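Scroll down for the structure; my scribbles are underneath it.
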Amino acid sequence: MDIDYLLMLQGVREATGGVFDAAIQTYSDVGLVVFGILVPLLVFWCIDTGGGWLSLLSYTTGSTINQLLKNVCCVYRPWIRSSELHPVQSALAKATGYSFPSGHVSGTSSAIAALAVWWRKKKAVVAACVVVIALMMFSRNWLGVHTPQDVLVGLLVGITAVLVVRKVLAWVDDGAGRDLTVLLVGYAICAAILVFLNVKSYPMDYVNGELLVDPAKMVNDCYSNAGLFMGVLGSWFVDRRLVRYSCEGSVAERVVRGLVGSIIVMGIYLGALDPIVTLMGAWVGRFVGHLLLCVVGLIILPLLFTKTHEAWERHAA
């Protein structure tokens, strides 16, 4: 049934001459970064710190769960299961790991569903969030790189992450010092997952002399995710104890924050991560690079924005 659905979409792609492929792939590839990282940061910097933290923590939690499931289940991509399937060729470059569950869907759904929960009384926001997630799910099937069950379980992972994080944050707010417990437990769980995924065995299947999925690459991805998870969780703890960032300010001030923050964070994401990996090695570089991204976006920039706001207020007075 799942393969039949993908074959049906493939038939539509071929019948339309691939006219929609580029747009759908752009949404899929750019969307994960925009909806999983940039949108939550913009919410945190400029709109609502509580909603931003819920989205960011949900995103990294969902990605951690998804990475664990991927490397435990080790499910191959749909075109490996059926030679009749021919995914969009340009989409294969970023579809080199295991298939189940979809990381694009779990990442997008965890970050965006968190915003829908935060602003659940605003019907327009909820509707927009549903559309964003649904389009991401459809895009992964349209491109032929994920089965329906991949995206559905990715959605389930995302929603589960939001529910768990929301409960944990409520628990933290009900007692003193609980944020330290969450930090230590979170770091311990993340470290345990890293150790487990490093020592477990992986299938070593070859086709025409080529390894279907390289376990080393999958482990590398785990270090990227661990850097994000520990970076966001640690930044959340530092913010609660020391920074206490508030996004108050005029509309103009918030717009400037969003522009400056986006340029700096995306500059690091697009321009600094690969050099850090080259300098420090695959595993350490991926971890440090993604950790640095969080420290800059969630500690350094908020401190800068706070100082700028104070100067702005003094000048206005």
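The values are calculated or read from the model by the stated rules, or taken from the named source; none is laboratory data. Fair warning: this is a prediction, and the values are worked out from it, not measured in the lab. Positions of Cβ are generated from backbone atoms using ideal geometry, with glycine treated the same way; all protein chains shown enter the neighbour counts. These accessible areas exclude ligands, DNA and RNA; they are computed on the full protein's heavy atoms, side chains included. Shrake-Rupley method; radii C 1.70, N 1.55, O 1.52, S 1.80 Å.
Please list, ordered by residue number, the helices (runs of 4 or more DSSP H) wholly in segment 1-78 having 3 or more residues that are within 18 Å of the chain's Cα centre (by Cα) and under 18 Å from Leu169 (Cα atoms).
On the way: elements: 2-15, 21-33, 39-42, 49-73.
So the answer is 49-73.
What are the residues in segment 153-165 that are more than 15 Å from Arg77 (Cα to Cα) and not β-branched (Val, Ile, Thr), if any?
Leu155, Leu156, Gly158, Ala161, Leu163
For Arg81, state whether it is at pLDDT 90 or above, open to solvent by 20 Å² or more (accessible area, probe 1.4 Å) and among the basic types (Lys, Arg).
No, not satisfied.
On the basis of being surrounded by 13 or more Cβ atoms within 10 Å (Cβ to Cβ), among the hydroxyl-bearing types (Ser, Thr, Tyr) and touching a Phe, Trp or Tyr at 6+ places or on another chain (Cβ under 7 Å), does Tyr202 make the cut?
Here the answer is no, as Tyr202 does not meet what is asked.
With Gly227, Gly249 as the choices, which residue is in contact with a His (Cβ under 6 Å, 6 or more places away or on another chain), in contact (Cβ under 8 Å) with a residue 40 or more places away in the chain and more than 30 Å from Gly103 (Cβ to Cβ)?
Of the residues listed, the single one that is in contact with a His (Cβ under 6 Å, 6 or more places away or on another chain), in contact (Cβ under 8 Å) with a residue 40 or more places away in the chain and more than 30 Å from Gly103 (Cβ to Cβ) is Gly249.
Condition first: polar (S, T, N, Q), assigned to a loop (DSSP other than H, G, I, E, B) and buried (at least 19 other Cβ atoms within 10 Å of the Cβ). Now tell me which residues in segment 95-123 satisfy that. Working first, answer last.
Let us first name the residues in segment 95-123 that are polar (S, T, N, Q), namely 96, 99, 102, 106, 108-110.
Subset that is assigned to a loop (DSSP other than H, G, I, E, B): 96, 99, 102.
Scanning segment 95-123 gives Ser99, Ser102.
So which pairs qualify, if the first residue must be in segment 112-132 and among the aromatic types (Phe, Trp, Tyr), the second must be in a loop (DSSP other than H, G, I, E, B), the Cβ gap must be under 8 Å, and the two must be at least 6 apart or on different chains?
That search, which allows pairs on different chains as well, returns Trp118/Asp48.
Taking the criterion of being in contact (Cβ under 8 Å) with a residue 24 or more places away in the chain and either in contact with a Gly (Cβ under 7 Å, 6 or more places away or on another chain) or closer than 21 Å to Tyr245 by Cα (or both), would at least one residue in segment 271-287 satisfy it? Even if it seems obvious, please write down each step before you answer.
Going residue by residue through segment 271-287, those that are in contact (Cβ under 8 Å) with a residue 24 or more places away in the chain are 282-284, 286-287.
From what's left, either in contact with a Gly (Cβ under 7 Å, 6 or more places away or on another chain) or closer than 21 Å to Tyr245 by Cα (or both): 286-287.
Scanning segment 271-287 turns up at least one residue that is in contact (Cβ under 8 Å) with a residue 24 or more places away in the chain and either in contact with a Gly (Cβ under 7 Å, 6 or more places away or on another chain) or closer than 21 Å to Tyr245 by Cα (or both).
Please determine, by comparing only the residues of segment 246-292 that are hydroxyl-bearing (Ser, Thr, Tyr) and part of a helix (DSSP H, G or I), which one is nearest to the chain's Cα centre (by Cα). Write out each step before concluding.
Kept after step one, since they are hydroxyl-bearing (Ser, Thr, Tyr), are these residues of segment 246-292: 246, 250, 262, 269, 278.
In the following step, the residues that additionally are part of a helix (DSSP H, G or I) were identified as 262, 269, 278.
On the way: Ser262: 16, Tyr269: 13, Thr278: 23 Å.
So, considering only residues that are hydroxyl-bearing (Ser, Thr, Tyr) and part of a helix (DSSP H, G or I), the one nearest to the chain's Cα centre (by Cα) is Tyr269.
Where residues in segment 244-261 are aliphatic (A, V, I, L, M) and closer than 16 Å to Leu41 by Cα, which of them is least open to solvent (accessible area, probe 1.4 Å)?
Checking each candidate, the answer is Val260.
Is there a residue being of a type in the set (Phe, Trp, Tyr), at pLDDT 95 or above, part of a helix (DSSP H, G or I) and under 21 Å from the mean Cα position of the chain (by Cα) anywhere in segment 162-185? Before you say what the answer is, go through the steps one by one.
The first filter runs over segment 162-185 and keeps only residues of a type in the set (Phe, Trp, Tyr), leaving 171.
Then drop every residue that is not at pLDDT 95 or above, which leaves 171.
Still in the list and also part of a helix (DSSP H, G or I): 171.
So of that shortlist, the ones also under 21 Å from the mean Cα position of the chain (by Cα) come out as none.
No, every residue in segment 162-185 fails to be of a type in the set (Phe, Trp, Tyr), at pLDDT 95 or above, part of a helix (DSSP H, G or I) and under 21 Å from the mean Cα position of the chain (by Cα).
If I go through segment 191-222 residue by residue, how many of them are β-branched (Val, Ile, Thr) and either assigned to a loop (DSSP other than H, G, I, E, B) or within 22 Å of Leu92 (Cβ to Cβ) (or both)?
Kept after step one, since they are β-branched (Val, Ile, Thr), are these residues of segment 191-222: 193, 195, 199, 207, 213, 219.
Those still in the list that are either assigned to a loop (DSSP other than H, G, I, E, B) or within 22 Å of Leu92 (Cβ to Cβ) (or both) too: 207, 213, 219.
Result for segment 191-222: 3.
Give the number of residues within segment 293-317 that are open to solvent by less than 50 Å² (accessible area, probe 1.4 Å), of a type in the set (Gly, Ala, Ser) and more than 29 Å from the chain's Cα centre (by Cα).
1
Starting from segment 188-214, take each residue that is under 14 Å from Val75 (Cα atoms) and list its partners that are in a strand (DSSP E or B) and open to solvent by 70 Å² or more (accessible area, probe 1.4 Å), counting only C-beta distances under 8 angstrom and pairs at least six apart or across chains.
The qualifying pairs are Leu212/Tyr206.
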